[in-house]
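The values are calculated or read from the model by the stated rules, or taken from the named source; none is laboratory data. Nothing here was measured: the structure is a model prediction, and the numbers come from that model. As a convention, Cβ positions derive from the backbone with ideal geometry for all residues, glycine included, and neighbour counts pool all protein chains shown.
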Amino acid sequence: MSDHNDCIFCMISRGAAPSHRLGEDQHTLSIMDIFPVAPGHSLVITKEHYENIFEVPPEVLAAVARASRRLALAIRSELKPAGIGLFQLNGSAAGQTVFHYHQHLIPRAAGDALKLHTRVPGVDEELRAISVRLAEQLAAVS
């Protein structure tokens with residue numbers, strides 16, 4: 001696997017940093033965002049390091065889309081949000097803060113203000129509880 005030693009998503013992918021894992025396939029890993037803007041805020045990251053959409057190969061991009069759809073179905077089934085925002089940012093000017101290709105899945109309630117990031121960490125017990133529920137649903141979604 002190609003990675004960058006100081007990249008948090010590379011460290012998570014290789015098991016060198018903690019995360020609440022939801023599921024994985026050959027090219028992707030789905031995890032809880034540790035700085036959630038809403039309960040259930042999750043990420044689909046590439047296992048290999050690609051900085052942005054301009055670097056990620058088409059087959060890996062397709063794997064991210066498939067994994068995102070599966071995770072969105074699991075979120076909808078388990079958490080029953082009014083909507084789900086899917087966001088992918090490229091470059092500092094677009095708001096990208098971790099320079100490793102990933103997609104945000106953010107459950108939304110009616111009237112929620114658009115917010116993509118926070119620096120307020122989630123409560124670990126809450127993240128763990130939601131991750132267990134989502135991982136079970138994800139395993140059941142085809």
Is it the case, given these coordinates, that A17 is more than 18 Å from I130 (Cβ to Cβ), in a loop (DSSP other than H, G, I, E, B), modelled with pLDDT of 95 or more and of a type in the set (G, A, S)?
yes
Residue among I75, I130 that is of a type outside the set (G, A, S), within 21 Å of E24 (Cα to Cα) and in contact with a helix residue (DSSP H, G or I) (Cβ under 7 Å, 6 or more places away or on another chain)
I75
Identify, by number, the condition in (1) among the aliphatic types (A, V, I, L, M); (2) in contact (Cβ under 8 Å) with a residue 60 or more places away in the chain; (3) closer than 20 Å to I8 by Cα that I130 doesn't meet.
(3)
Just one listed residue, out of H117, H104, is within 18 Å of I8 (Cα to Cα), assigned to a loop (DSSP other than H, G, I, E, B) and not small (G, A, S), and it is H117
Please work out which residue is nearest to D6 (Cα to Cα), limiting yourself to segment 70-120 and to residues that are surrounded by fewer than 18 Cβ atoms within 10 Å (Cβ to Cβ) and hydroxyl-bearing (S, T, Y).
T97
